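Undergrad: My questions will all concern the structure given below.
The values are calculated or read from the model by the stated rules, or taken from the named source; none is laboratory data. Please read all numbers here as calculations on a predicted model, not as lab measurements. When we count neighbours, we look across all protein chains shown, and the Cβ atoms used for this are built from the backbone with ideal geometry, even at glycine. Ligands, DNA and RNA are stripped out before the accessible areas are found, and what is left, the full protein with its side chains, is counted by its heavy atoms. Shrake-Rupley method; radii C 1.70, N 1.55, O 1.52, S 1.80 Å.
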Amino acid sequence: MKILGIETSCDETAVAVVDENRNILAHNVLSQLEEHLPFGGVVPEIAARAHLDHLDGLVARTMAEAGIGYDELDGIAATAGPGLIGGVMVGLMTAKALAMATRKPLIAINHLEAHALTARLTNEIALPFLLLLVSGGHCQILLVRDIGDYKLLGQTIDDAVGEAFDKVAKMIGLPYPGGPHLEKLLVHADPVAAAKIELPRPLLKKKHADFSFAGLKTAVRQFIGTRILSEQEKADLALAFHECVAEILIDRLTHALGMIDTSNISTLVVAGGVAANQYLCRELKTFCATKDLTMVAPPIKLCTDNGAMIAWAGVEKLQRGEVHNMDVAARPRWPLYSGEK
Ligand code: KG4
Ligand code: ZN
């Protein structure tokens, strides 16, 4: 089974071909970083236009690199939400046109579900598993009972963790997306100086698994005040921030574990762009070892938005016979879990 996957929900135009044996036959990500740079964040209209300009060419290039014809595909998968609606529409409409022209099934993918399932593309992971989904728009802990069956255990009540990374990075003059830039500063940090920077741990020890990052962001802003930080101070602040985020994530995961029957759960999957952070992954791995859990995070290039995760989610869905009609709509909001928490 070979699936073409298209991702256009934010500022990456991405296309990949993946088969059911977990081979990525071709994989291309075109970042729009340059286009959005002057604005310090993603501008939805610019993103949609850039997807429109590049997607057809990227599909053709990816198919050529995969070395297969359209007749050899078994389905066309595309992100149908959640995301910036203009971009999602460009990707989904392209997928519909391709599905119609090639008479192959269309598979509309939830972007969050694709992040959630990426670890099954790279690792043998049994269901059920615990999922920490940490991206620019989301911060959730979910119990993945089955493909399509997600129980929400906790989520952010304000900012997503990636958003907190991006905003803190911006405060110290780093470009968007700030997460990777903030992480790069860690090598220069002085742990003793970092320990002296007092940052709040919102909701810590609260008897639920929800997150809050807005107060942390404000505390960083107050710490900086009107000063221009030296490079050393920036690095120390980056470490203090990482330590704080790690402690919050671990505390909330501890509470989430207390909310479920863990007897048949052996894996914590960390997914979404923030899962690319090696500091956080190391801390989470150490935590998991104390709970008899194995921590799995996809390789960095598959943590941030990409086409392979959409194609793989397409494989998982098509294997279960889940396909969509041409009237499936692009959705700006599309929660993973249904109803009950
Ligand atoms: O999943 P993703 O590519 O897009 C969304 O669906 O949101 O996540 C992007 C987010 C951004 O906030 C970015 O700063 C963050 O992931 N990110 C990181 C790292 N790499 C990406 N955050 C911390 N450390 C990183 N290494
Ligand atoms: Zn994403």
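Undergrad: So how much slack lies between residue 337 and residue 322, counting 0.36 nm per residue of separation and subtracting their Cα-Cα distance, in nm?
TA: The span from residue 337 to residue 322 would gain 3.7 nm if fully extended.
Undergrad: Related question: Per residue, how big is the convex hull around the C-alpha atoms of the chain? Give it to me in cubic angstrom, could you?
TA: 129 Å³
Undergrad: In debye to the nearest 20, how big a dipole does region 127-297 give about its Cα centre with +1 on each Lys and Arg Cβ and -1 on each Asp and Glu Cβ?
TA: Value, rounded to 20: 200 debye.
Undergrad: Give me the number: length gained by fully extending residue 259 to residue 184, i.e. 0.36 nm times residue separation minus the C-alpha to C-alpha distance, one decimal in nm.
TA: Taking 0.36 nm per residue and subtracting the Cα distance, the gain is 23.5 nm.
Undergrad: What nm distance separates the two modelled labels at residue 22 and residue 158, each placed 7 Å from Cα along Cα→Cβ?
TA: That separation, rounded to one decimal, is 4.0 nm.
Undergrad: Okay, moving on. When Rg is the radius of gyration of the Cα atoms in region 233-341 and Rh is its Kirkwood radius, what does Rg/Rh come to?
TA: 1.04
Undergrad: How high is the FRET efficiency from residue 294 to residue 226, r the C-beta distance, R0 56 Å, rounded to 0.05? Each step should come with its number before you reach the end.
TA: Working: r = 46 Å, r/R0 = 0.83.
Rounded to the nearest 0.05, the efficiency is 0.75.
Undergrad: Just to be sure I understand: of the beta bridges DSSP finds with both ends in region 127-297, what percent are antiparallel, rounded to 5?
TA: Values: 12 of 20 bridges.
Counting only bridges with both partners in region 127-297, antiparallel ones make up about 60 percent.
Undergrad: Please give me the summed charge of the neighbours of residue 17: other residues whose Cβ is under 9 Å from its Cβ, Lys and Arg +1, Asp and Glu -1. Let's see the in-between values first.
TA: On the way: positive: 2; negative: 19, 65.
Once positives and negatives cancel, what remains is -1.
Undergrad: Also, quick follow-up: Alpha carbon centre of region 13-65 versus region 285-316: separation in Å?
TA: Using only Cα atoms to place each centre, the spacing works out to 20 Å.
Undergrad: Positive end of the charge dipole of the chain (Lys, Arg +1 and Asp, Glu -1 on Cβ, about the Cα centre): tell me which of 36, 77, 249 has its Cα farthest that way.
TA: Farthest towards the positive pole: 249.
Undergrad: Residues with beta-carbon under 11 Å from that of residue 174, excluding residue 174: net charge, scoring Lys, Arg +1 and Asp, Glu -1? The partial results should precede the final answer.
TA: On the way: positive: 167, 170, 184, 234; negative: 166, 183.
In short, +2.
Undergrad: 7 Å from Cα along Cα→Cβ at both residue 71 and residue 286: what's the point-to-point distance in nm?
TA: Output for this residue pair reads 5.8 nm.
Undergrad: Among the listed pairs 234/291; 184/291; 196/234; 2/317; 167/291, give every one whose C-alpha distance is greater than 24 Å.
TA: Those over the limit are 234/291; 184/291; 167/291.
Undergrad: Okay, next question. Could you tell me the largest-minus-smallest coordinate of the C-alpha atoms of region 127-297 on each of the three principal axes, in descending order and whole angstroms?
TA: That works out to 50, 27, 27 Å along the principal axes.
Undergrad: While we're here: Among 303, 232, 318, whose Cα projects farthest towards the positive end of the dipole of region 228-341, with charges put on the beta-carbon of Lys, Arg (+1) and Asp, Glu (-1)?
TA: 318
Undergrad: May I ask you to give the percent of accessible area on the chain that is carbon plus sulfur, with a probe radius of 1.4 Å?
TA: 53 percent
Undergrad: Across all directions of projection, what mean area in square nanometres is found for the Cα convex hull of region 1-97?
TA: Value for region 1-97: 6.0 nm².
Undergrad: With every protein chain kept in place and ligands, DNA and RNA left out, what is the accessible area per residue of region 127-297? Probe 1.4 Å, answer in Å².
TA: Numbers: 7200 Å² over 171 residues.
Heavy-atom accessible area per residue stands at 42 Å².
Undergrad: What is the log10 of I(q)/I(0) for region 125-202, computed with the Debye formula using one identical point scatterer on each Cα and no solvent, at q = 0.11, 0.13, 0.24 Å⁻¹?
TA: -0.43, -0.57, -1.10
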